[in-house]
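Novice: One structure is given below, represented as structure tokens, and several questions about it will come after.
The values are calculated or read from the model by the stated rules, or taken from the named source; none is laboratory data. None of these values were measured; they are calculated from a predicted model. We place every Cβ from the backbone using ideal geometry, glycine too, and count neighbours over all the protein chains shown.
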Amino acid sequence: MTGALTSFLEASVRTATPLALAALGELLVERAGVINIGLEGIVLGGAFGALLGAGSNSLTIGFIVGCTAGVAVAALFALFAVTMRADQIITGTAVNLLVLGLTGALYRGLYGATGAALTIPTTGSVAVPLLARIPVLGSALFEQPPPTYLVYLTVPVLWWWLYRTHSGLAVRAIGERPESVRVAGVDTHRWRWVTLLVAGGLGGVAGATLVLSQSGTFAEGMSAGRGFIAIAIVVLGRWRPMGVLIASLLFGAASALQYLFQAMGWRVPYQLFLALPYVLTLLALAGFAGRKIEAPASLGHAA
Amino acid sequence: MSDPIPDREAVRTGGWRQRRPSLATGAAAAVVAVVSLAVLWLALRLAGFDASLALGALWRGSFGNWYALTSSTLVRATPLVLTGLAVAVAFRAGVWNIGADGQLLVGAAVATAVGLALGAAPAWVLLPLALGAGAVGGGCWAGIAALLRTRFGVLEVISTIMLNFVALDLVGYLVRGPLQEPSHAYPQSNPISAAMHLPILIAGTRLHWGFVAAVAAAALLWWGMRSTAAGFRVRAIGANADAARVAGRIDVARTTTNVLLLSGALSGLAGAIEVSGVTFALYENISPGYGYTAIAVALLAGLDPLAVLGTGILFGGLEAGALSMQREASVPSVVVTAVEAALVLVLLALSRRGGSTSIIGRFAGARPSSEEEAS
């Protein structure tokens, strides 16, 4: 029983890690008033970049290339949605299709039409001394691959940036009233670019995590909606770093339920578990009815 | 809650009247197409493929000969036109229905279920019933998003995307559970009875009457959007929901719901037609992302129903040609997805330069506000 619970918690945190990374980036972007549907493409681009980079047999280079690929996709989005002031949802949709097509074509071009099963070595778990030995929770939270620790690091840093620095205040103000901020002499486009590039990096690492810390291989369209879920997580987490972390863990837990059910020997169609996170999101979002939702006021508008 | 949906106020209703196909629009569309083909040619060269052979195969497999045109391009265009119309009507109302793919899947599943349950019925009963059931199924699926939007304030951008994945899992469950063929060897349903097959439109080809349904739907929507009170309400809430409510006394929630129901029904019909005209059974991967391509189809058409017919056929040709490109020149067919995306991006870029008189002036529902606040 304890064994099942421990592996359930471990799987929850493992599944939550890429979601949290992508969602924390999206949180930053949305606080600056941009909704980036292209996050799905960023995660997929990051995964493909990780595959290319890991070809050098170095996991570090894999993460770096994955991160860079995410930044590149985000830059394309920013060029259209910020600089050219094109519609954010349309740009995001186009970016997703573009990355899906490009990675699919390149993958088949480089690795053969059948996509012969590639195996890439994965990062092992790294145990944090002492903390990992806390009963039940210890190994789930503190014996994970390195990207999980990046999440733990990003949450407080992001919080500090947004709420305790001058530029963080500027970013939040852009998300509320870009016209006023511009009058005050802040370059709104520049800060939207900055937040998008940071989010691109985080989303790229999220994609790299899928390849280098979890599956050890690449598949076409392997982001499988995680970017979209991350966008929903930002809403669930009420546009706050801590809230986003908790919402990601909830999602991870919902996805990890299938392992628990398997371990307990309960037979339920597995599609139910696949659908569960999406259904849960819808229910949770509906549960906000009547409550004040603190979405940034300029979300979705050009600045 | 504050409404994070962008651009309602930006949309100019008046734009609709100016939006008739003109020489300039045709020229702009041609420029976009030529630029995209040039980019594709260059990309193929850089990737080391025989670009001339590949593009030749693309042409032969799409518009280059009669059989490919009828049996591949127009067959493939049918679901793209129907889902493209679904997206166009929703976006025109400022309703971001990204869920055409899920609605198509549910429509296909419901039509299959009806077809299998009433397999003994004669064609004149079964066919309309199954197609109607598919449309109702797709409409209901979109109705969930409408309910979430109007009752609970959940943005349809997010809910429709989530519902796409739920629909995919639902079909995955159906073809491995209740609807699986009796031997339980394959994740697919039994074939539907011949009575539910759509008749062939042109003898000797695979083109079925579903294409006629798509053309009729395009014409009907074009007329309805332009000349009926309901069409006006759709355009009005897309242009400026607040003004529509205050000055026009339009029930925005109700119009939003109706638009989503119609949009879902069109997508559901696309799914039902795909089952009864092409696949004759339910498969998990019955849609290669029609509902997502549909967004590009609708945008490239400037959200104009008649133009959707044209862009739907263009994209149908691209995708049909991509398959022959893969066969003859070993170029991965997914590359056309990137080409389609590039088309939309080129269009977005042109729209910033060309001003609202170009093809993109039609982007009404889709433009950021704020000429006035341009920095």
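Novice: Going through region B:123-156 one residue at a time, which ones are in contact (Cβ under 8 Å) with a residue 24 or more places away in the chain and not in a helix (DSSP H, G or I)?
Specialist: B:G153, B:L155
Novice: Is there a residue being surrounded by fewer than 24 Cβ atoms within 10 Å (Cβ to Cβ), closer than 30 Å to B:R245 by Cα and either within 12 Å of another protein chain (Cβ to nearest Cβ) or not acidic (D, E) (or both) anywhere in region B:72-89?
Specialist: Within region B:72-89 (the criterion being surrounded by fewer than 24 Cβ atoms within 10 Å (Cβ to Cβ), closer than 30 Å to B:R245 by Cα and either within 12 Å of another protein chain (Cβ to nearest Cβ) or not acidic (D, E) (or both)), the answer is no, since none of the residues qualifies.
Novice: Additional query: If you check A:T83, A:T60, A:T91, A:T17, which single one turns out to be among the hydroxyl-bearing types (S, T, Y), in contact (Cβ under 8 Å) with a residue 40 or more places away in the chain and away from every other protein chain (no Cβ under 11 Å)?
Specialist: Exactly one of A:T83, A:T60, A:T91, A:T17 is among the hydroxyl-bearing types (S, T, Y), in contact (Cβ under 8 Å) with a residue 40 or more places away in the chain and away from every other protein chain (no Cβ under 11 Å), namely A:T17.
Novice: Further, regarding this structure: Within 14 Å of another protein chain (Cβ to nearest Cβ) and either touching a residue at least 60 places away in the same chain (Cβ under 8 Å) or not hydrophobic (A, V, I, L, M, F, W, C) (or both): which single residue out of A:V234, A:V244 fits that description?
Specialist: A:V234
Novice: Is it the case that B:I237 is assigned to a helix (DSSP H, G or I), more than 20 Å from B:D101 (Cβ to Cβ) and among the β-branched types (V, I, T)?
Specialist: For B:I237, the condition - assigned to a helix (DSSP H, G or I), more than 20 Å from B:D101 (Cβ to Cβ) and among the β-branched types (V, I, T) - is met.
Novice: From the list A:A232, A:A302, which one is within 17 Å of the chain's Cα centre (by Cα) and either closer than 28 Å to A:G175 by Cα or buried (at least 17 other Cβ atoms within 10 Å of the Cβ) (or both)?
Specialist: Exactly one of A:A232, A:A302 is within 17 Å of the chain's Cα centre (by Cα) and either closer than 28 Å to A:G175 by Cα or buried (at least 17 other Cβ atoms within 10 Å of the Cβ) (or both), namely A:A232.
Novice: Failed condition for B:W222, given (1) touching a residue at least 60 places away in the same chain (Cβ under 8 Å); (2) assigned to a helix (DSSP H, G or I); (3) buried (at least 20 other Cβ atoms within 10 Å of the Cβ), with all others met?
Specialist: Condition not satisfied by B:W222: (3).
Novice: Does region B:247-257 contain at least one residue that is among the acidic types (D, E) and either surrounded by 19 or more Cβ atoms within 10 Å (Cβ to Cβ) or in a helix (DSSP H, G or I) (or both)?
Specialist: no
Novice: Would you mind telling me which numbered condition in (1) within 14 Å of the chain's Cα centre (by Cα); (2) of a type outside the set (F, W, Y); (3) within 14 Å of chain A (Cβ to nearest Cβ) B:A54 fails?
Specialist: (1)
Novice: Another question, then. Please give the number of the condition A:G175 fails out of (1) surrounded by fewer than 23 Cβ atoms within 10 Å (Cβ to Cβ); (2) modelled with pLDDT of 90 or more; (3) closer than 30 Å to A:R85 by Cα.
Specialist: (1)
Novice: Looking at A:L102, A:L97, can you tell me which residue is within 13 Å of another protein chain (Cβ to nearest Cβ) and buried (at least 24 other Cβ atoms within 10 Å of the Cβ)?
Specialist: Within the list A:L102, A:L97, the selection yields A:L97.
Novice: Let me ask something else. Quick check on A:F77: is it within 14 Å of chain B (Cβ to nearest Cβ), on the phi < 0 side of the Ramachandran plot and either among the basic types (K, R) or touching a residue at least 24 places away in the same chain (Cβ under 8 Å) (or both)?
Specialist: yes
Novice: Further question on the same structure: Being within 24 Å of the chain's Cα centre (by Cα), over 15 Å from A:G25 (Cα atoms) and more than 14 Å from chain B (Cβ to nearest Cβ) is the filter here; which residues of region A:166-179 pass it?
Specialist: Once the filter is applied, which keeps residues that are within 24 Å of the chain's Cα centre (by Cα), over 15 Å from A:G25 (Cα atoms) and more than 14 Å from chain B (Cβ to nearest Cβ), region A:166-179 yields A:S167, A:L169, A:A170, A:A173.
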